[in-house]
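Written out below as structure tokens is the structure these notes cover.
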Amino acid sequence: MVAAAGLGLLVGLPSRRLIGDYLAIVTLFFAEAFVEFTTNVAPSKLGGPNGIVGIDPYTAFGHQIITNKGYFYLLLVFLVLTMAVLHLLDRSRTGRAWRAVREDPLAAGVMTIPVNRVKLMAFSFGAVVAALAGTVFAAQQISVFPTDFDTPFLILIYAALILGGAGSIGGAVVGGPITAITLDGFLRSPTQAGYIFYGVILLTLIAKVRPWTRLVAILGSTVVFGFACHAIVKAISPSAVAGGPQSSGWIADVLRDWVIVPANSTRFGNIGFVVLICLLIAITQVRGRLRDVLIVPTLYLAACVWEARLVARSRRSRARF
């Protein structure tokens, strides 16, 4: 953990003046550089692509922790202690300085807060917490490999923080399990992935579209539009709807005579995805009734692209995570 604090300080030195997306890009660069370094530059010291094996398990009070249950309780203890320490730190003078720098670095500097030093402290403290979790991970897995810390792993952490709420200790704790359950659970099958996709679309419409009569009109028009398009395309070319939805379960039964999925669904999905992006851009540029009119084909095309192409991508994305 002490070594990680020093490493976090070194990583923070070239990036302490960056904010927002630029800081995230630099962080991604260091993550990629770490994987390349451990794989190709120092294979004799760090095992290269073969990783480090035979790592000793944790030992507490003379007893080795060798079961998943034991590591669960160990992580639970570490989690509570880490939350307590970070909470006290957040309430301290340093924590107030961190919040001030996060909100407005320029104003914080005017108020005599050492912005660069505070940022470097944040890098070091973050590295310490990551190192604590990393030691438990390595001991529980008995081995570590460079690919264990590749870009998808970092994106998973970003997703958990954004979902839980950046700057919130409790939000980070809640966001982690929710993200893990979503990726490892709901994306396990096409049906469960469809719950998320269609559920998010429906919840977004419910939250954004007012009044309710307008929402009902859009949803009703989308249903009618889909059946009409499917019937017309099927009458012209039966092979254009021969693919069928790639979702499974009751979602596939409901959408079978509604979405258009040709036999060559990959090419159709790629083209439809480009058109879908164009429609989304168009929706953001128009107002009034024209926007409502564009929403209907956009929703329908989103369902077609999901069933033709994206549902398969969700399974591969889950596998990479």
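Annotations
- Residue-span extension gain [PHE34 to LYS69] - 0.36 nm each, minus C-alpha spacing: 9.5 nm
- Which of PHE34, PHE197 has the fewest Cβ neighbours within 10 Å, and the rest in rising order: PHE34, PHE197
- Dipole magnitude (debye, nearest 20) for region 2-149, charges at Cβ of Lys, Arg, Asp, Glu: 540 debye
- Principal-axis analysis of the Cα atoms of the chain puts helix 169-181 at an angle of about 50° to the longest axis.
- Under the simplified labelling scheme, the THR147-VAL293 pair shows an inter-label distance of 5.2 nm, with each label point 7 Å from Cα along Cα→Cβ.
- Counting other Cβ atoms within 10 Å as a rough exposure proxy, the listed residues PHE61, PHE125 run PHE61, PHE125 from fewest neighbours to most.
- Size descriptor for the chain, Kirkwood hydrodynamic radius: 23.7 Å (Cα pairs only, one decimal).
- Ranked list, fewest to most other Cβ atoms within 10 Å of each Cβ, for HIS63, HIS230: HIS63, HIS230
- Calculated P(r) tail over 25 Å for region 1-109, as whole % of Cα pairs: 49 percent
- Angle between the chain longest axis and helix 151-164 axis [Cα atoms, degrees, rounded to 10]: 80 degrees
- Full-stretch length increase - VAL136, THR94 - with 0.36 nm per residue and alpha-carbon distance subtracted: 12.4 nm
- The radius of gyration of the Cα set in region 190-320, together with its Dmax, comes out at 14.7, 42 angstrom.
- Extending 7 Å from Cα along the Cβ direction at HIS87 and again at LEU18 yields two label points whose distance is 3.4 nm.
- Size descriptor, Kirkwood hydrodynamic radius, that averages inverse alpha-carbon separations across region 69-151, Å: 14.9 Å
- Modelled this way, with points 7 Å down the Cα-to-C-beta line, the labels at VAL174 and ALA242 are 5.0 nm from one another.
Readers should treat all values here as calculations from the given coordinates under stated rules, not as data from a laboratory. Please read these numbers as outputs of a predicted model, since none were measured by experiment. Reconstructed Cβ throughout: ideal geometry from the backbone, glycine too, with neighbour counts over all protein chains shown.
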